[in-house]
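All remarks here apply to the structure that follows.
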Amino acid sequence: MKKFMASVLSIAIVMSLAACNGKQGMQNASETTAQVTETTETTETTETTKASETAETTTAVETTETTAAALNKADYVKDKVVKFKVKEDYNKKKKKWTYSTIEFHFPELLIKSDYADSINKAMDKMIKNYTKEFKDQLDTGDLGTEYIAYLTKDGILSIVFIETFANDQIECKVYNIDVKTGEKVDNARIAEIAGVSNIRKSAMDALQAMYNEGKVAKLKDYKVVKKKGQKKNEEDKAVEKSFNSKHLNDKMRIGLTDEGKIFFVSEYFDGCCDDNNAIYDANGKDLYDDKNPNWVGHKE
């Protein structure tokens, strides 16, 4: 009997321990499940936040690109082509002149402002003068007009208007206008946008770089470099004269490229004449080039 009671007691203890273990196991499993659920929710929340941030960043980039693309140069300036008919040869048998047609290019501003109107009026006056000049013209030589136009993403339109003459001589006028306000942009603001603190010094460095890329002369510290024993000639002196303050100063002709970089227009010695005009950027690159995508005109 005692053995039987001992057995029953042992079985009861075992069953009680098993029940406790089962309850504890269920509690651990429940806690584990809760932890997994919480981790999953945290991960999903983090991924959602990242996706939201990415979407916001993408939207900001797209907005910036849209703003930049919204400034279309064609909305502010167009090419005004004027054709002139000029006498070429006289046919004695037919007693008639043969004529040729030449094209001139003028920038026409589409901006409504007093400054824009003054530029358009200057172009119209020039057209009238050419019309009168070519009325009985027999030989136009290398006469012509063309221009280079840049538009920064901030809305600064820079135009270099060019008149061409014989012997590759050119004369230039520079116009800088804020397309948003229609107002003239002065040199101080041009320099500020380009991050230039000293216009004259920057122009000197750029002109020297342009000379060193060409064949007219090689310079160092704005002086012509000569071989030992060689003396400077008149051409060398003319080159160095191009660097004086008469040509390069805070009031000189400057503008901005599409990228917002400064460019310069100044008289210089080109190996032939000491009063020709050069158009060059801050690195000394010659911008008067029909390969320049911002150039409008015709070169033979």
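Only the coordinates and a few stated rules stand behind these numbers; no lab work does. Nothing here was measured: the structure is a model prediction, and the numbers come from that model. As a convention, Cβ positions derive from the backbone with ideal geometry for all residues, glycine included, and neighbour counts pool all protein chains shown.
For region 73-296, the Cα gyration tensor yields ellipsoid semi-axes of 33, 27, 12 Å (square root of five times each eigenvalue, largest first, whole Å). As a rough footprinting exposure proxy, the listed residues Met204, Met126 were ranked by other beta carbons within 10 Å of their own, and the order from fewest upward is Met126, Met204.
When you filter the trypsin sites (Lys or Arg not before Pro) in region 193-225 for DSSP loop state and at most 11 other Cβ atoms inside 10 Å of their Cβ, you are left with Lys215. Cross-linked pairs Lys85/Lys128; Lys80/Lys261; Lys73/Lys215: Cα-Cα separations exceed 24 Å for Lys80/Lys261; Lys73/Lys215.
Annotation for Asp124 and Lys228: the two label points, set 7 Å from Cα along the Cα-Cβ direction, are 6.7 nm apart.
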